[in-house]
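Q: Can you keep this structure in mind? I'll have questions shortly.
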Amino acid sequence: MHDWTMTSKQATSVAQFETDATGQLTKVNAIVVTIPAESLKSGKGAMDKNAYNALKTDKNKDIKFQLTSAILNGNNIVAQGTLTIAGNSKPTELAVTGKPVAGAIHFQGSKKIKMTEFNVEPPSFMFGSVKTGDEITITFDITLSPIK
């Protein structure tokens, strides 16, 4: 088993949330985050290509999270939503931290999932001699600013 990291800086988001006079988050009404699957890069082209094949990016261009409900407790948010990977959608719960930063809200969190839960076969390389594990960690760090 080998670990590697893929990163994207191309996420787009549409969100609706409310803040108090200090900028503190008071309510999350809606969030949709979309990541072009082929924007995920590891710096290793052959590994990326195998990952894109596993993610079926020829038919499923995006990875998406759509919020269905959120419970706030200070800066901590329990976000319920639908996560779609490789065209397969599953209900997912995310533990998120949301903090005010210069007129925006900075969200951070991570979630461990199994690729096979989304019908994604973990990629292998070198004719199967190098395999990846089924469990992955999705980590996100995104700042959302109001549209002006």
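The values are calculated or read from the model by the stated rules, or taken from the named source; none is laboratory data. This one's a predicted model, so the numbers in the text were calculated from it and none came from an experiment. Positions of Cβ are generated from backbone atoms using ideal geometry, with glycine treated the same way; all protein chains shown enter the neighbour counts.
Q: Report, by residue number, each residue of region 136-148 that is surrounded by fewer than 13 Cβ atoms within 10 Å (Cβ to Cβ) and either acidic (Asp, Glu) or more than 21 Å from VAL28 (Cα to Cα) (or both). Spell out how you get there, then give the answer.
A: Restricting attention to region 136-148, the residues satisfying the condition of being surrounded by fewer than 13 Cβ atoms within 10 Å (Cβ to Cβ) are 137, 139, 141, 145-148.
Selection gives THR137, ASP141.
Q: Assigned to a strand (DSSP E or B) and either under 24 Å from PRO122 (Cβ atoms) or at pLDDT below 90 (or both): is that true of LEU72 in this structure? Spell out the reasoning first.
A: Working: assigned to a strand (DSSP E or B): yes; either under 24 Å from PRO122 (Cβ atoms) or at pLDDT below 90 (or both): no.
For LEU72, the condition - assigned to a strand (DSSP E or B) and either under 24 Å from PRO122 (Cβ atoms) or at pLDDT below 90 (or both) - is not met.
Q: Can you go through ASP58, ASP3 and tell me which one is surrounded by fewer than 17 Cβ atoms within 10 Å (Cβ to Cβ), in a loop (DSSP other than H, G, I, E, B) and modelled with pLDDT of 95 or more? First the steps, then the outcome.
A: On the way: ASP3 fails: modelled with pLDDT of 95 or more.
None of the other options fit; the residue is ASP58.
Q: Looking only at region 122-139, decide whether some residue is at pLDDT 90 or above and among the aromatic types (Phe, Trp, Tyr).
A: No, because not a single residue in region 122-139 is at pLDDT 90 or above and among the aromatic types (Phe, Trp, Tyr).
Q: Scanning for something touching a strand residue (DSSP E or B) at 6+ places or on another chain (Cβ under 6 Å), among the hydroxyl-bearing types (Ser, Thr, Tyr), surrounded by fewer than 14 Cβ atoms within 10 Å (Cβ to Cβ) and not in a helix (DSSP H, G or I), does region 75-85 turn up at least one residue?
A: No, there is no match, as no residue in region 75-85 is touching a strand residue (DSSP E or B) at 6+ places or on another chain (Cβ under 6 Å), among the hydroxyl-bearing types (Ser, Thr, Tyr), surrounded by fewer than 14 Cβ atoms within 10 Å (Cβ to Cβ) and not in a helix (DSSP H, G or I).
Q: Tell me which residues, restricted to region 35-55, are free of Cβ contacts under 8 Å to residues at least 40 places away in the same chain and part of a loop (DSSP other than H, G, I, E, B).
A: LEU40, SER42, GLY43
Q: Looking at region 6-34 only, could you name the residues that are over 19 Å from GLN108 (Cβ atoms) and not in a strand (DSSP E or B)?
A: ASP20, ALA21, THR22 - these are the residues of region 6-34 that are over 19 Å from GLN108 (Cβ atoms) and not in a strand (DSSP E or B).
Q: Please determine whether any residue of region 81-91 is among the basic types (Lys, Arg) and at pLDDT 95 or above.
A: Initial filter on region 81-91 (among the basic types (Lys, Arg)): 90.
Still in the running and at pLDDT 95 or above: 90.
Checking region 81-91: at least one residue is among the basic types (Lys, Arg) and at pLDDT 95 or above.
Q: Also, I was wondering about something else. With respect to the numbered conditions (1) free of Cβ contacts under 8 Å to residues at least 12 places away in the same chain; (2) of a type outside the set (A, V, I, L, M); (3) under 17 Å from GLY109 (Cα atoms), which one is the sole condition not fulfilled by ASN75?
A: (1)
Q: Does ALA95 satisfy the condition of being closer than 18 Å to PHE17 by Cα, at pLDDT 95 or above, hydrophobic (A, V, I, L, M, F, W, C) and exposed (fewer than 13 other Cβ atoms within 10 Å of the Cβ)?
A: Details: closer than 18 Å to PHE17 by Cα: yes; at pLDDT 95 or above: yes; hydrophobic (A, V, I, L, M, F, W, C): yes; exposed (fewer than 13 other Cβ atoms within 10 Å of the Cβ): yes.
Considered against the rule, which asks whether it is closer than 18 Å to PHE17 by Cα, at pLDDT 95 or above, hydrophobic (A, V, I, L, M, F, W, C) and exposed (fewer than 13 other Cβ atoms within 10 Å of the Cβ), ALA95 comes out as yes.
Q: Out of the residues in region 35-55 that are aliphatic (A, V, I, L, M) and more than 11 Å from ILE85 (Cα to Cα), state the one that is surrounded by the fewest Cβ atoms within 10 Å (Cβ to Cβ).
A: Keep residues of region 35-55 that are aliphatic (A, V, I, L, M), which gives 35, 37, 40, 46-47, 51, 54-55.
Cutting the leftovers down to more than 11 Å from ILE85 (Cα to Cα) gives us 40, 46-47, 51.
Numbers: LEU40: 18, ALA46: 10, MET47: 18, ALA51: 24.
Result: ALA46.
Q: Among the candidates VAL28, VAL14, VAL32, single out the residue that is free of Cβ contacts under 8 Å to residues at least 24 places away in the same chain and closer than 24 Å to GLY103 by Cα. Full working, then the answer.
A: Values: VAL28 fails: free of Cβ contacts under 8 Å to residues at least 24 places away in the same chain; VAL32 fails: free of Cβ contacts under 8 Å to residues at least 24 places away in the same chain.
When all the criteria are applied, what remains is VAL14.
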